[in-house]
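**Student:** Before I ask anything, here is the structure I am working with.
The values are calculated or read from the model by the stated rules, or taken from the named source; none is laboratory data. The shown structure was predicted, so the numbers you read here are calculated from the model rather than taken from an experiment. Cβ placement follows ideal geometry from the backbone for every residue including glycine, while neighbour counts extend to all protein chains displayed.
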C-alpha cells in the first residue's frame, strides 16, 4: 500500500535541440544562398564575346577603328574628329546606304564610341554596325 500512496515523480519535459539547430542552420544557409549582393562600386564591364560574330559577310568599304588610346582611323588611316566628319560627308555624297563598320577596343571610352556613332548619324549614314570578337 505504501507504493500507491507514494506519488510518482514526473519526468521533466525535454526538448531535443539537435534537430532544431539543424533546421536553423539550413534556414541560414538558404538565406545566404538566395541573397543578392549589390556592390556600390562602379561596374567593371568587359564586352561579351558573340558566337555568331562575323557570320554575316560584310561587304562595306568604310571601316572606322578606335584603338586603346582613343585614336580614330578611317579605313586604316588615322584622322582627327573634324576629318572624320568631312570624310563621312564625302561617303554620304557617293552613297548614303554604304554600311559603316565600327571597330572599337574593349577599353575604349564610351564617349569616343558615342562620338563616332553620332558622327555617322549626323551625316546620314545610319547603316553602321559594331564589330565584336
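**Student:** Select from region 120-133 the residues that are buried (at least 16 other Cβ atoms within 10 Å of the Cβ) and either assigned to a loop (DSSP other than H, G, I, E, B) or modelled with pLDDT of 90 or more (or both) and list them in ascending order.
**Tutor:** Answer for region 120-133, where residues must be buried (at least 16 other Cβ atoms within 10 Å of the Cβ) and either assigned to a loop (DSSP other than H, G, I, E, B) or modelled with pLDDT of 90 or more (or both): 123, 125.
**Student:** Evaluate region 83-97: report whether one residue or more is closer than 22 Å to residue 49 by Cα and either part of a strand (DSSP E or B) or in contact (Cβ under 8 Å) with a residue 24 or more places away in the chain (or both).
**Tutor:** Scanning region 83-97, I find no residue that is closer than 22 Å to residue 49 by Cα and either part of a strand (DSSP E or B) or in contact (Cβ under 8 Å) with a residue 24 or more places away in the chain (or both), so the answer is no.
**Student:** Return yes when residue 109 is touching a residue at least 24 places away in the same chain (Cβ under 8 Å) and under 17 Å from residue 61 (Cα atoms) and no when it is not.
**Tutor:** Here the answer is no, as residue 109 does not meet what is asked.
**Student:** For the condition surrounded by 10 or more Cβ atoms within 10 Å (Cβ to Cβ), over 17 Å from residue 129 (Cα atoms) and either modelled with pLDDT of 80 or more or in contact with a helix residue (DSSP H, G or I) (Cβ under 9 Å, 6 or more places away or on another chain) (or both), what is the one hit in 25, 33, 62, 18?
**Tutor:** Result of the check over 25, 33, 62, 18: 25.
**Student:** Could you tell me whether residue 39 is over 21 Å from residue 131 (Cβ atoms), assigned to a helix (DSSP H, G or I), out of contact with any strand residue (DSSP E or B) (no Cβ under 9 Å at 6 or more places or on another chain) and modelled with pLDDT under 85?
**Tutor:** When the stated conditions are applied, residue 39 does not pass them.
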